[in-house]
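Trainee: Before I ask anything, here is the structure I am working with.
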Amino acid sequence: MTQADTHVWPVEPASPATHRPRQADPRGHWFLMVVAVLLMSVALVLHGYATNEVGETRAPSAASPAPEGVREGGPVVNTTGQGPASLRLPARTVALTFDDGPDPVWTPRLLDVLKRHGAKATFFAVGARVAENPALARRIVDEGHELGNHTYAHADISGVPAWRLRLEASLTQKAIAGATGVHTRLLRPPYSSTPDSVTAPQWQAMRELGREGYLVALTDLDTKDWSRPGTDEIVRAGTPARGRGAVVMLHDSGGDRSQTVEAVDRLLTRLGERGYRATTLTEGLGLSSAYVPAGSADVLIGQGLSLAQRGSAAFVETLAWVLAGAGVLTLARLLFFLVLAWVHVRRVRGGKRRAGRAAPWPSPPPVSVIVPAYNETAGIEATVLSLVTTGYRGEVEVIVVDDGSTDDTAAKAAALGLPGVRVIRQRNGGKPSALNTGIAYAAHDILIMVDGDTVFQPDTIGHLVAPLSDPGVGAVSGNTKVGNRRGMLGRWQHIEYVIGFNLDRRAFDLLGCMPTVPGAIGAFRRAALDSAGGLSVDTLAEDTDLTMAICRNGWRVVYEEKALAWTEAPTSLRQLWRQRYRWCYGTLQAMWKHRRAVTERGTFGRRGLGYLALFQVVLPLFAPVVDVMAVYSVLMGDPLPVVAVWAGFVAVQALTGWYALRLDRERARVLWVLPLQQFVYRQLMYLVVIQSLATALLGVRLPWQTIRREGTFASPSSS
């Protein structure tokens, strides 16, 4: 260590920043995000309602039977009058009825069979399926068949309140109106069968439907084709006995209906041979048409409902594929980086760190340590002391650049009176300007940059300088540790630093695409800095900007896990937001600035920028969708699959975290906070990405965001 007095040198900023008027952060995008989340929620709810997941109904396990007059009556019940009046089909007349459609696969095949036999039928359509397949509903009507109402979401009418019953019927009428321009007077309750199976709750619902003007259709012959009992059994169950007329229940949706299609073909042939007439329900009963012209308002509403229904279905399907892809990518990334970390450790500890590694330094080279400081009075003494009390055997020059602090940062650093320490004051020009000033005053060609809230271990400088013995290495990233780990927020950041930063850097080291040498600890060859033109004021992530420039100039940037630096992490969510907002926004700036690296020779552009774009920009944008889908599934559906997937991801993260902590020689017991990280910390991180991307796209210039220092490493006497 050179024995020299501490001096304070007032200078102008080496690279003054261009001062711009402060612009407020954009706010409109939060409104747009809320609107997007609401629209997404509406789409999910609509899709869930249409598939009977939202407000799903269940038939009562046991219920008293309906009145005897209903149970012993005919299959078509008119409850619009004073009492129930049932109707039966005349002899040698059959009404084939199909429930649960229309289905884009099976309904057209059944229509073709009916057309071939010259038969007509009645289709009791689910409103949601009509909304999804309006062209099929139009074909049913155009070919002379009959449409009936089968509720919108196939709801069990005996298990819903009156308002839901009316809503189910009304929505289906609007869907039919939007597709065909008509309403229907026919309705068949889902989960119904023959009159003798009607329960008292079903009867009450049927009476309510009668007050709404519906003619309720049950059945004489329930083929139970939904259970796929075989074509022969369906034909047998659907054949009336002794020439009687009958309403036959079949299904054109809800699964594989190939047996039904074949059975209808054979049944119509058999009935034709026996002199039966296959017609619609109202025609067979001798009633007027089931259709009533729909008003223009209902037609428009129905068309809008159809668009919304189809849009929600397409959205949910797309979302499922996107989420599956995101999940696969996330898991693949974790596993891939685990393998790369394992390979990195074997190479480093086996003495085969990199091909072409030069021999160690014959003697420790002299180094200059630059400490940019702005209002770092809480921790500057601890930082400087850790740099001076080093175990490094070479010459160490420490340059503290006070970047226009409004507190006594410079005075505290100078008051230490330590040998080899210089304190330089300049007008505030920003961190890059302070670092450039330090570089200009540095006497040596190996330069180490340290934040003013960071402390080194005694052996850190030696480990940090060692890889630079290879002339192809232009910069070295150290291993940053969180010093203030107490409290939930501190532990979360500790886990993030070990897993999200240091584990990644091992992989980047092997792949040759290190995107960032952190400002807290990094060593540089002066020639590499000169090739990059020094530190730029173009971005708020000067460390990422510099590292990318060095990589693009052909230098290797490596990671040294043994070079430890302890830094002070934010102690509140507000402070954390400010820090990460600046980091993320600055990273986006750097990525845009160096975007042409993708087409250049070398691995950095395609690997480094591609990784950052995919995993730090694109995937976080889908994170709110994951949360909304998870909440929706837990509240509206079976929560077990969601919990299982979440537990699986946490288990993989815990395994990754355990290995990363083991590599860093850290205790694994901190992993107990990892599951809780998914509920606050994760949301804050992806909201930071959204805010940063909106700020960048809207062209707002984000000012430097400082955070309050707590003096984690300060001794009691100096605080």
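The values are calculated or read from the model by the stated rules, or taken from the named source; none is laboratory data. Keep in mind that this is a model prediction, so the values were computed, not measured. A quick note on method: Cβ atoms are made from the backbone with ideal geometry, for glycine too, and the neighbour counts reach across all protein chains shown.
Trainee: What is the number of the single condition among (1) over 26 Å from Leu167 (Cβ atoms); (2) touching a helix residue (DSSP H, G or I) at 6+ places or on another chain (Cβ under 6 Å); (3) modelled with pLDDT under 75 that His19 does not meet?
Mentor: Condition not satisfied by His19: (2).
Trainee: I'm trying to understand the selection: among the residues of segment 540-554, which are in contact with a Gly (Cβ under 6 Å, 6 or more places away or on another chain) and modelled with pLDDT under 95?
Mentor: Leu540, Ala541, Asp543
Trainee: Please go through segment 452-468 and give me each residue that is farther than 12 Å from Gly391 by Cα and surrounded by fewer than 22 Cβ atoms within 10 Å (Cβ to Cβ), ordered by number.
Mentor: Correct list: Ala466 only.
Trainee: Can you tell me which residue among Arg506, Arg485 is basic (Lys, Arg), under 30 Å from Leu674 (Cα atoms), in contact (Cβ under 8 Å) with a residue 40 or more places away in the chain and surrounded by fewer than 21 Cβ atoms within 10 Å (Cβ to Cβ)? First the steps, then the outcome.
Mentor: Working: Arg506 fails: surrounded by fewer than 21 Cβ atoms within 10 Å (Cβ to Cβ).
Going through Arg506, Arg485 in turn, just one is basic (Lys, Arg), under 30 Å from Leu674 (Cα atoms), in contact (Cβ under 8 Å) with a residue 40 or more places away in the chain and surrounded by fewer than 21 Cβ atoms within 10 Å (Cβ to Cβ): Arg485.
Trainee: Further question: Restricted to segment 106-133, and to residues that are assigned to a loop (DSSP other than H, G, I, E, B) and in contact (Cβ under 8 Å) with a residue 12 or more places away in the chain, which residue is surrounded by the fewest Cβ atoms within 10 Å (Cβ to Cβ)?
Mentor: Lys120
Trainee: What helices (runs of 4 or more DSSP H) completely inside segment 392-502 contain at least 2 residues that are over 20 Å from Pro372 (Cβ atoms)?
Mentor: Filter on segment 392-502 gives 460-465, 487-495.
Trainee: Here is a list: Ala569, Ala527, Ala520. Which entry is among the small types (Gly, Ala, Ser) and over 24 Å from Tyr441 (Cβ atoms)?
Mentor: Ala569
Trainee: Could I ask something else about it? Output the qualifying pairs, or none if there are none: Cβ atoms under 7 angstrom, residues six or more apart or on different chains, first residue in segment 25-44 and within 20 Å of Val688 (Cβ to Cβ), second residue of a type in the set (A, V, I, L, M) and modelled with pLDDT under 70.
Mentor: Here the result reads Asp25/Val700; Pro26/Val700, each pair linking segment 25-44 to a residue that is of a type in the set (A, V, I, L, M) and modelled with pLDDT under 70.
Trainee: Criterion first (of a type in the set (S, T, N, Q), free of Cβ contacts under 8 Å to residues at least 60 places away in the same chain and either in contact with a strand residue (DSSP E or B) (Cβ under 6 Å, 6 or more places away or on another chain) or assigned by TED's automatic domain parsing to the domain that holds Val76 (or both)) does Ser192 satisfy it?
Mentor: yes
Trainee: If you don't mind, there's one more thing I want to ask. List every residue pair whose Cβ atoms sit under 6 Å apart, with the two residues 6 or more apart in sequence or on different chains, where the first one lies in segment 511-539 and is assigned by TED's automatic domain parsing to the domain that holds Lys431 and the second, anywhere, is at pLDDT below 90 and polar (S, T, N, Q).
Mentor: Going by the 6 Å Cβ cut-off, the qualifying pairs are Gly512/Thr603; Cys513/Thr603.
Trainee: Could I ask something else about it? Do you know which of the residues in segment 202-232 that are in a helix (DSSP H, G or I) and acidic (Asp, Glu) is surrounded by the fewest Cβ atoms within 10 Å (Cβ to Cβ)?
Mentor: This residue is Asp232.
Trainee: Do the conditions hold for Arg138, that is, is it within 20 Å of Gln309 (Cα to Cα), of a type outside the set (S, T, N, Q), surrounded by fewer than 20 Cβ atoms within 10 Å (Cβ to Cβ) and in contact with a Ser or Thr (Cβ under 8 Å, 6 or more places away or on another chain)?
Mentor: Yes; evaluated as a whole, the condition is true for this residue.
Trainee: Something else about it: Determine whether segment 192-201 contains at least one residue that is in a strand (DSSP E or B) and crowded, with 22+ Cβ neighbours inside 10 Å.
Mentor: No, because not a single residue in segment 192-201 is in a strand (DSSP E or B) and crowded, with 22+ Cβ neighbours inside 10 Å.
Trainee: Within segment 161-181, is there a residue that is in the same structural domain as Leu87 (by TED's automatic domain parsing), surrounded by fewer than 20 Cβ atoms within 10 Å (Cβ to Cβ), at pLDDT below 90 and part of a loop (DSSP other than H, G, I, E, B)?
Mentor: Looking through segment 161-181, at least one residue is in the same structural domain as Leu87 (by TED's automatic domain parsing), surrounded by fewer than 20 Cβ atoms within 10 Å (Cβ to Cβ), at pLDDT below 90 and part of a loop (DSSP other than H, G, I, E, B).
Yes/no matrix, rows are residues, columns are (1) under 24 Å from Trp577 (Cα atoms); (2) within 43 Å of the chain's Cα centre (by Cα):
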residue	(1), (2)
Arg393	no, no
Ala411	no, no
Ala415	no, no
Leu418	no, no
Val423	no, no
Leu435	no, yes
Val465	no, yes
Ala475	no, yes
Thr480	yes, yes
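Trainee: Quick check on my filter: what residues within segment 37-93 are modelled with pLDDT of 65 or more and among the polar types (S, T, N, Q)?
Mentor: Ser41, Thr51, Asn52, Ser64, Asn78, Thr79, Thr80, Ser86, Thr93
Trainee: Hey, another quick one. With respect to Thr282, determine if the residue is assigned to a helix (DSSP H, G or I), within 24 Å of Arg92 (Cα to Cα), in the same structural domain as Tyr152 (by TED's automatic domain parsing) and out of contact with any Gly (no Cβ under 9 Å at 6 or more places or on another chain).
Mentor: For Thr282, the condition - assigned to a helix (DSSP H, G or I), within 24 Å of Arg92 (Cα to Cα), in the same structural domain as Tyr152 (by TED's automatic domain parsing) and out of contact with any Gly (no Cβ under 9 Å at 6 or more places or on another chain) - is met.
Trainee: Test Glu72 against the stated conditions and say whether it is among the acidic types (Asp, Glu) and more than 48 Å from the chain's Cα centre (by Cα). Even if it seems obvious, please write down each step before you answer.
Mentor: On the way: among the acidic types (Asp, Glu): yes; more than 48 Å from the chain's Cα centre (by Cα): yes.
So Glu72 fits the description; yes.
Trainee: Determine whether Tyr632 is modelled with pLDDT of 85 or more and of a type outside the set (A, V, I, L, M).
Mentor: So Tyr632 does not fit the description; no.
Trainee: A further question on this structure: For the structure I just gave you, tell me whether Ser288 is exposed (fewer than 12 other Cβ atoms within 10 Å of the Cβ) and either under 30 Å from Gly181 (Cα atoms) or at pLDDT below 95 (or both).
Mentor: Yes, satisfied.
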